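Just so you know, all these numbers are worked out from the coordinates, no wet-lab data involved. Model, not experiment: these values are computed from the prediction. Every residue, glycine among them, receives a Cβ derived from its backbone with ideal geometry; neighbour counts consider all protein chains shown.
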Amino acid sequence: MKEFEQMLDAIDKWIDVNKNEVAFIGSFVSFDREKEKNDEEDIIKDDIIVGYGCKEVLEISLEELQKLLKEEKEDFVNW
């Protein structure tokens with residue numbers, strides 16, 4: 001969880017600089033590779049969706065993200 005704490009620290013720094021007008025939205029997924037090898041259906045080991053920041057800014061960010069995803073032509077996104 002050290003990496004997660006470092007990420008939250010970085011977000012906190014942005015919030016301080018930008019007067020709380022910052023949001024972070026993320027989804028973290030890990031897979032059970034043994035289940036995947038056995039061709040089992042439920043291969044997700046852990047899954048969490050994270051929203052961090054002012055609710056209004058999170059809503060704006062989600063709307064913009066949805067627009068960008070609809071416009072994106074590639075299957076994998078790395079902006």
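Overview of results
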read-out	value
Residues satisfying the stated conditions in segment 39-79, i.e. basic (Lys, Arg) and farther than 16 Å from residue 22 by Cβ	45, 67, 70, 73
Scan of segment 6-64 for residues that are out of contact with any Cys (no Cβ under 7 Å at 6 or more places or on another chain) and polar (S, T, N, Q), ordered by number	6, 18, 27, 30, 38, 61
Identity of the residue in segment 21-79, in a loop (DSSP other than H, G, I, E, B) and aromatic (Phe, Trp, Tyr), that ends up nearest to residue 8 (Cα to Cα)	79
Matching entry among 11, 25, 15, 43 (being surrounded by 11 or more Cβ atoms within 10 Å (Cβ to Cβ), of a type in the set (Val, Ile, Thr) and over 15 Å from residue 58 (Cβ atoms))	43
